[in-house]
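The values are calculated or read from the model by the stated rules, or taken from the named source; none is laboratory data. The structure presented is a predicted model; accordingly, all values stated were derived computationally and were not measured. Cβ placement follows ideal geometry from the backbone for every residue including glycine, while neighbour counts extend to all protein chains displayed.
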Amino acid sequence: MSLLLTLAFACAPTTPAPVEVAAPAPDFPITALPACELLPAGTDIDVRSGCALGVCPDMTYAEFTAILGEPDDCDPTFSDKIECVWAAGVSANFTDADGDELVEDTSTNSFVYVEDPGLASPEGLGLGVSLQCFFDQLGLAEDVSLDIDELEGDTYFVEGLTYAFGLYLHAEADGRCDHFGMTGPD
């Protein structure tokens with residue numbers, strides 16, 4: 001048995017039909033997403049290409065630093081990766097092919113992460129906006145994941161969205177985007 005979750009489009013310029021998402025039948029209610037309140041339109045993020053502030057997935061460390069300057073911090077993470085963070089508001093995980101826990105100019109990345117809630121796309125998307133805004137501006141995601149909010153009486157909430165063009169979003173129970181990663185199109 002499954003439940004059909006209906007997500008209404010709160011801030012779309014026209015009134016499209018509600019989006020229906022097939023989900024497993026929960027024993028608890030599903031928390032509605034907050035109404036869409038977009039950020040002021042910006043040019044910092046291009047969600048379809050996976051780029052932010054001019055840096056994109058598959059760029060080398062040298063290309064990142066040519067655009068953003070030296071990072072504030074680089075630390076080994078997992079699986080032969082080194083995470084570098086820039087004050088401008090982005091981070092990326094670069095390959096560590098030789099295992100020395102140092103990033104080389106030729107190291108490449110596969111993800112660009114948006115870290116600054118002040119960065120926005122032309123659609124007004126960015127950190128802190130309701131996941132409803134992503135539905136309104138980009139359409140239904142290819143994957144919608146639910147989680148249980150045990151602090152609020154075991155209700156389900158929309159925890160994550162994945163779009164086919166390489167956009168990965170996460171939210172806590174408040175329904176607002178708190179993690180924004182991009183791989184760009186395949």
Give me the pairs: first residue in region 106-120 and under 13 Å from Cys56 (Cα atoms), second residue of a type in the set (Val, Ile, Thr) and crowded, with 22+ Cβ neighbours inside 10 Å, beta-carbon distance under 7 Å, and six or more apart or on different chains, which are they? Val112/Val90; Tyr113/Val90; Val114/Ile45; Val114/Val90
Can you name the condition, by its number, that Asn109 falls short on among (1) part of a strand (DSSP E or B); (2) over 19 Å from Ser49 (Cβ atoms)? (2)
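Against the definition (in a loop (DSSP other than H, G, I, E, B), at pLDDT 90 or above and surrounded by fewer than 18 Cβ atoms within 10 Å (Cβ to Cβ)), how does Pro185 come out, yes or no?
no
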Return only the number of the condition from (1) closer than 29 Å to Ser79 by Cβ; (2) surrounded by 15 or more Cβ atoms within 10 Å (Cβ to Cβ); (3) not aliphatic (A, V, I, L, M) that Gly124 does not satisfy. (1)
Return yes when Phe165 is surrounded by fewer than 18 Cβ atoms within 10 Å (Cβ to Cβ) and either within 22 Å of Leu33 (Cα to Cα) or within 14 Å of the chain's Cα centre (by Cα) (or both) and no when it is not. yes
Does region 28-48 contain at least one residue that is modelled with pLDDT under 95, over 21 Å from the mean Cα position of the chain (by Cα) and of a type in the set (Gly, Ala, Ser)? no
Residue match in region 134-152 (condition: free of Cβ contacts under 8 Å to residues at least 40 places away in the same chain, part of a strand (DSSP E or B) and of a type outside the set (D, E, K, R)): yes
Quick one: would you say Glu83 is farther than 22 Å from Val129 by Cα, in a strand (DSSP E or B) and at pLDDT 85 or above? yes
Only one of Ser130, Ser79 is small (Gly, Ala, Ser) and touching a residue at least 40 places away in the same chain (Cβ under 8 Å), namely Ser130
